[in-house]
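Worksheet for the structure shown next.
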Amino acid sequence: MKNSRSLRTARLEIKNIKENEFYDFSVDYLLLIYSLESVYTFIPKNACTSLRFSIAVSNGFLKDISDLHWIHKNNDSFQPSKREAAIAKYTFVVLRCPFTRIVSCFFDQVVFNKYFDFTDSTGSKLSLSFHDFLQIVKSQNRFDRNEHWRNQSDFLHYEKYDDYFSLEQFPEAINKLSNKGLKFFDTRNEMKHSLLGLNKVDGNFSKTNELEIKKMKEGANIPSYRSMFDEETINLVKEIYSDDIDLYSSKFGDKDLLFK
């Protein structure tokens, strides 16, 4: 008889599972791959659009890239039952260097696609620098943070996954998943999530406001990830995401962390 997997979030609150927000949150980010009887935890900004699309194709719901935006209306369509999650044959998750993830989030969600507007006490829109953005994230209750910048460790449903993949070494994940029978589709260009083709500029852009960075992109330039940090912003990320840094280091070592 197959043993059930140990669930990390179920025991974090001593209350009925229906009222356990830790468990409830992590369940929302589980996807079942039917043919593999496998469960994937998706974390925003960690190649999750490409993987969610790949899983939708694998599950027979989509055929080609023209269907891509369907996945954003169907995040819960492949959510496993409690039983399916507990006895999954294979589980995996993709983690990312916390420093590059939060810069990527700032670029994608605040600067270029403008999914979020932040306002001051009078309701006037603010033009934020990366430093400003980190200060706002720090001030937020952890459980109120948007999924794109919420701590990666909050998404983990299982005590232990069969595979932890690093986004910084993602070809390894593609190869292993392909060998298991999941064909990978890279959706970055279609979603305009890629910075490929832009000239990466070094310097210190930690306090450069979003409008200036947007102007840089119009000229085919973009600050490098490293250039978004000074000592203060490095320390802010270490404070906000200390658990994620520890998690990443425990699985992959420090070689792909932007800062140690």
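The values are calculated or read from the model by the stated rules, or taken from the named source; none is laboratory data. Everything quoted here is computed from the prediction, not taken from an experiment. Cβ sites come from the backbone with ideal geometry, for glycine too, and all protein chains shown count toward neighbours. Keep in mind that these areas ignore ligands, DNA and RNA; they rest on the heavy atoms of the full protein, side chains included. Shrake-Rupley method; radii C 1.70, N 1.55, O 1.52, S 1.80 Å.
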Where the range 1-111 is the region considered: accessible area per residue in Å², 1.4 Å probe
45
If you take every DSSP beta bridge whose two residues both sit in the chain, what share of them, in percent to the nearest 5, is antiparallel?
40
Charge dipole of the chain about the Cα centre (unit charges at C-beta), most positive-ward option of I213, F165, I136:
F165
How do T233, T119 stack up against each other in accessible area, from largest to smallest, with a 1.4 angstrom probe?
T119, T233
Quick one: Cα centre-to-centre distance for the range 1-76 and the range 232-260, in angstrom?
25
Could I have the simple spin-label model distance between N59 and K160, label points 7 Å from Cα toward Cβ, reported in nm to one decimal?
2.8
Write down the accessible area per residue of the range 151-226 in Å², having rolled a 1.4 Å probe over the full set of protein chains.
57
Run down the aspartates and glutamates and flag those whose C-alpha is under 15 Å from the C-alpha of K207, throwing out any fewer than 8 positions away in its chain.
D132, D230, E231, E232
Too long for a 26 Å Cα-Cα cut-off, among K82/K138; K63/K215; K18/K251; K73/K251; K160/K183, are K82/K138; K63/K215; K18/K251; K73/K251
With all protein chains present, how much of the accessible area of the chain (probe radius 1.4 Å) comes from carbon and sulfur, to the nearest whole percent?
47
With R₀ set to 41 angstrom, the calculated FRET efficiency between the beta-carbons of F143 and N199, to the nearest 0.05, is 0.60
Helix-only CD estimate at 222 nm, as mean residue ellipticity for the chain, using -39500 (n - 2.57) per DSSP H run (n ≥ 4)
-9000 deg cm²/dmol
Go ahead and collect, in residue order, the members of the range 200-239 whose backbone nitrogen is under 17 Å from a label point 7 Å along the Cα-Cβ direction of F259.
202-208, 223-239
How far, in nm, would the chain grow between E37 and E231 when pulled straight, counting 0.36 nm per residue and subtracting the alpha carbon separation?
65.3 nm
If you compute log10 I(q)/I(0) by the Debye sum over Cα atoms at q = 0.11, 0.16 Å⁻¹ for the structure shown, which of [x] -0.65, -1.33; [y] -0.92, -1.24; [z] -0.57, -1.33 do you land on?
[x]
Can you compute the charge dipole magnitude of the chain about its Cα centre, using +1 on each Lys and Arg Cβ and -1 on each Asp and Glu Cβ, nothing else charged? Give it in debye, rounded to the nearest 20.
620
List the trypsin sites (Lys or Arg not before Pro) in the range 1-41 that DSSP assigns to loop (not H, G, I, E or B) and whose Cβ has at most 11 other Cβ atoms within 10 Å. Which are they?
K2, K15
Ranking F112, F61, V27 by how far each Cα lies towards the positive end of the charge dipole of the range 20-124 (+1 on Lys and Arg Cβ, -1 on Asp and Glu Cβ), the top one is F61
